[in-house]
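Bear in mind that the values in this text are calculations on the coordinates, not laboratory data. The structure displayed is predicted, hence computed values, not measured ones. Cβ placement follows ideal geometry from the backbone for every residue including glycine, while neighbour counts extend to all protein chains displayed.
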Amino acid sequence: MNPGVADAALEGGSAPVGPRRGRLGRPSWPLTILMIAASLTVLVPLYFTIVMAFKSPAQIGSGSGLEFPSPIVWDNFARAWEMVGFGRSLMVTALITVFSVAGAIVVCSMVAYAIARNWHRRAYKVAYIYLLSGLFVPFTVLILPLIKLTAMLGIDGPVGVTLIHIVGGIAFNSLLYIAFLRSIPLELEESARIDGATTWQVFWRVIFPLLGPMNATVGIFAFLGAWNDFLLPQMMIANPELQTLPVVQQLFQGEFNTEYNLAFASYLMAMVPTLIAFVFAQKWVMSGVMRGAIK
Amino acid sequence: MTQATALTGAPPAGTPASAGAARPVPTRRVGAQRDWAFRLMVFPAVFLFTVFLIVPTLIGVFFSFTSYAGFGEWEFVGLGNYVALFTDPNIWAPYGFTFFLAIVCVVVVNVLAMAIALGLNANIKWRTPIRTVFFIPMVLSALVVAYVFTFLFNSTLPMIADSLGLVPLATTMLADASTAWIPIVFVTAWTSIPGTTLIYLAGLQAVPRELYEAASVDGASAWRQFRSITMPMLAVYLVINIILGFRGYLGAYDIIVAMTGGGPGISTMTVSMRIMGGLNGGDFAYQAANSLVFFVITLIISLVQLRVSRKGMSL
């Protein structure tokens, strides 16, 4: 790939994801209408989820599902919360996510820094290639032995899931960090070293803060991956009391379950945290993900 | 994303080494301290990587040559599992469906994502709110989304179709082995279009505006500009999206578990679902062999795609 293109895209992607500057002329109305119509494919299912969550069982049984709820049943949320043990699940999912994000950032930035600054040494080059091989090992190959292993070590629960989330991202995240570290001038750390800082102090006080944008990118990927993951917790967490939010939604799929109002109330509660976070941090998330996409 | 990096193929440049000459020569003690710090920084990643990625992979390889059921006793069976795989129709049916699904999803997702990216990049009103809406699916759990759509496809759509007199749509597509893949492709596309669109959007923003200005001055039509400027500039992003997408769709799991569970029959069973079944299904070793075969096939496909795209790109 032409590196010039990637650089230009990165520059374009980091700040003005918004309207392009310098574009003249009036907006195209036919195109605007077409795009709004297309966006209904996203909005209608969301609208559907919201109205379903507020309906009474009787209303769900009678209509197509798209009608406005009448009466509005707020109680659905409290009952769904109780039924799936939502509070506990939320806590487990939040803890897994927080530690996965923090772990990914700390572990990967450290190894990337060590490799980038010792690139002239054989051992570090070998470590780099070793970690890179992780890009080619698909999850499906190791999941079965992995579950045996975590069960043997007694971490077949949220701890194991967190560790695997961190491991799964090592190859890709380290690559991102190493590419980014190349753009940080060495002079900055040299002056800190001359002032007597140790390697750890240099890393934490000089390098780590400079990695900010890449920390954001890695953090967003780790967040979305951990929060929404289904396969790993479903397979690995042995104790159903400690299951994550996506997995507990399976509860409503039982053959005898007809309480769709509670199911949708629960789906909506599972969607809301990331939805709100995204709407508020949109610009930041988009530029962060785009940075990862380009590298 | 991973392949994107492989494509750009950027090894960490020799900046530190080349700049090393300008570095004040450290005293021996400081040098040793520095070495230890660097070693400790590498340790967590290499340790976790070895224990939780390399070791399990090797264990999987080992058991694929045994008769291990997931519990109890086992013995070596040599290539027995691999031989059995190649003559087992219950294995090949999921392979067929998985590849079919991956190809259909790659085509559908890339066509729509490119159209959306072009639309978002064009001069439209309310761009920011419209873009926000299009990217919402990116942050939602695919499983929960699939549950919502299952209800839409099972109840809402047939009911609406019935009232409109559209008989073929009046029964649920998910219950019919010949149509169950359609809702699955729909939901897969719904959840993965934003990520793909984002990469195209990044590509479109990299196209210099001057190119379009020069083309308009020369009297090139909008279609001509798209074909001669936009498409060539997006080619590299198309390749990234195809390779990443294909690899992702080959691992399809969540959405299908939620929508059909692999049914009706095993018509929508994917390879990943088959392999996961090995955990409690009593055929641990057999599925371990299956997962390795699947791995080799996906690896070959990725390498071929990369090779072909490199060739196409250098033309």
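The angle separating the long axis of helix A:282-294 from the principal Cα axis of greatest extent in chain A is about 50 degrees.
Shape descriptor for region B:142-261: Rg over Rh equals 1.16 (Cα atoms; Rh from the Kirkwood inverse mean 1/r).
Largest first, the extents of the alpha carbon coordinates of region A:113-169 on the three principal axes equal 40, 20, 16 Å. Here the convex hull built on the C-alpha positions of region A:61-191 has a volume of 242 cubic angstrom per residue. Over the C-alpha trace of region B:51-160, radius of gyration and Dmax come out as 22.9, 68 angstrom. Counting only Cβ charges, +1 for Lys and Arg and -1 for Asp and Glu, the dipole size of chain A around its Cα centre is about 1000 debye.
Note on the protein assembly as shown: lysine pairs with Cα distance below 22 Å, sequence gap of 8 or more or different chains, count 4.
Remark on the protein assembly as shown: ratio of C-alpha radius of gyration to 2.2 N^0.38 Å is 1.02. Given axes a ≥ b ≥ c from the Cα gyration tensor, I'd like to know whether region B:92-314 is rounded (a/c under 1.5), prolate (a/b larger than b/c) or oblate. Note, shape of region B:92-314 comes out oblate. For chain B, the membrane-span-like helix rule (DSSP H, alpha carbon extent of at least 30 Å along the helix axis, mean Kyte-Doolittle at least 1.0) picks out B:89-121, B:181-205, B:284-314; this says nothing about an actual membrane. Electrostatic tally near A:V247: other residues with Cβ closer than 13 Å to its Cβ, Lys and Arg +1, Asp and Glu -1, net -2.
Extending 7 Å from Cα along the Cβ direction at B:T128 and again at A:E241 yields two label points whose distance is 4.7 nm.
Under 5 Å from the amide H of B:T66 lie the amide H atoms of B:V77, each residue being 5 or more positions distant or on a separate chain, with H modelled from the backbone and absent for Pro and chain starts.
Using just its DSSP H runs of length 4 or more, each adding -39500 (n - 2.57), chain A gives a mean residue ellipticity at 222 nm of -22500 deg cm²/dmol after division by all residues.
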